[in-house]
1. Considering (1) surrounded by fewer than 20 Cβ atoms within 10 Å (Cβ to Cβ); (2) assigned to a strand (DSSP E or B); (3) in contact (Cβ under 8 Å) with a residue 60 or more places away in the chain, say which one residue 137 fails and leave the rest.
2. What about residue 146, is it in contact (Cβ under 8 Å) with a residue 12 or more places away in the chain, over 27 Å from residue 5 (Cβ atoms), buried (at least 18 other Cβ atoms within 10 Å of the Cβ) and within 16 Å of the ligand (Cβ to nearest atom)?
3. Look at residue 132 and say whether it is under 30 Å from residue 198 (Cα atoms), surrounded by 15 or more Cβ atoms within 10 Å (Cβ to Cβ) and more than 15 Å from the ligand (Cβ to nearest atom).
4. Out of the residues in region 174-197 meeting the condition of being part of a loop (DSSP other than H, G, I, E, B) and modelled with pLDDT of 70 or more, tell me which one is farthest from residue 134 (Cα to Cα).
5. Hey, among 80, 113, which residue is modelled with pLDDT of 95 or more and under 27 Å from residue 20 (Cα atoms)?
6. Kindly indicate the residue of region 6-40 that is touching a residue at least 60 places away in the same chain (Cβ under 8 Å) and assigned to a helix (DSSP H, G or I) and also nearest to the ligand (Cβ to nearest atom) among those meeting that condition.
7. Of all residues in region 9-49, count the ones that are under 19 Å from residue 72 (Cβ atoms) and under 13 Å from the mean Cα position of the chain (by Cα).
8. Within region 89-98, track down each residue that is more than 12 Å from the ligand (Cβ to nearest atom) and in a strand (DSSP E or B).
Ligand SMILES: Nc1nc2c(ncn2[C@@H]2O[C@H](COP(=O)(O)OP(=O)(O)OP(=O)(O)O)[C@@H](O)[C@H]2O)c(=O)[nH]1
């Protein structure tokens, strides 16, 4: 059965990873594979393409078989710059954005965001306690507006989202799926919790 939706997936791996010791977070090994490979697996069955947004080690990222795009403006200006760069690179009219450091994202993340967005421009994942603004589905055509916002100095994702028709999609049945890994200790703890297996149930 073809589950693909008319979407591009963008994995944000363009940060500095200072808490991870300054290494490229997406390439950090988690359960024997780069973190970004786990995230790619969550998107790939449902999207037409996966694009990785990275600013270092581009060749290593390319070995995963995805297109790799860097921030349009250098200087580690934050995830909003990565989102803009991803929107500009995307070939589909809708784009799902995820961070590279959340390896246990819900398997059904993409179809659930797609179902939940309705007539809105942006759908943001919400775990019941808080929203995860870097886990979101949005229209590619917002790129022009985002360019204007960035040029005016905007760097806060929430503030930019608030200027558009946005909704939250409820993932309170799997809040732990949004656990993000910022340092080696958090990686170890989650590795131990998951043992050798990643959750694959179709939540
Ligand atoms: N493209 C891009 N993405 C970024 C940038 N900064 C953070 N991100 C991404 O945004 C998400 C959340 O990043 P953080 O964990 O807050 O920051 P980080 O730079 O990865 O890590 P720290 O340096 O430890 O804060 C991750 O997916 C990062 O790759 C940036 O300057 N450009």
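The values are calculated or read from the model by the stated rules, or taken from the named source; none is laboratory data. Treat the numbers as computed from the prediction; the structure is a model and nothing was measured. So basically every Cβ, Gly included, is an ideal-geometry build from the backbone, and we count neighbours across all protein chains shown.
1. The one condition residue 137 does not meet is (1).
2. no
3. Values: under 30 Å from residue 198 (Cα atoms): yes; surrounded by 15 or more Cβ atoms within 10 Å (Cβ to Cβ): yes; more than 15 Å from the ligand (Cβ to nearest atom): no.
No: the conditions fail for residue 132.
4. Going through region 174-197, the residues part of a loop (DSSP other than H, G, I, E, B) turn out to be 174, 179-183, 195-197.
The next check asks that each one be modelled with pLDDT of 70 or more; those that pass are 174, 179-183, 195.
Details: 174: 17, 179: 12, 180: 11, 181: 14, 182: 14, 183: 18, 195: 26 Å.
Across region 174-197, the extreme among qualifying residues is 195.
5. Working: 113 fails: under 27 Å from residue 20 (Cα atoms).
Answer to the check: 80.
6. First, pick out the residues of region 6-40 that are touching a residue at least 60 places away in the same chain (Cβ under 8 Å): 6-16, 19-21, 25-26, 28, 30-31, 35-36, 38-39.
After this cut, where a residue has to be assigned to a helix (DSSP H, G or I) as well, the list is 19-20, 25-26, 35-36, 38-39.
Details: 19: 3, 20: 6, 25: 5, 26: 7, 35: 10, 36: 9, 38: 13, 39: 9 Å.
Checking each candidate, the answer is 19.
7. Here the count works out to 8.
8. Of the residues in region 89-98, the ones more than 12 Å from the ligand (Cβ to nearest atom) are 90-96.
Correct list: 94, 95, 96.
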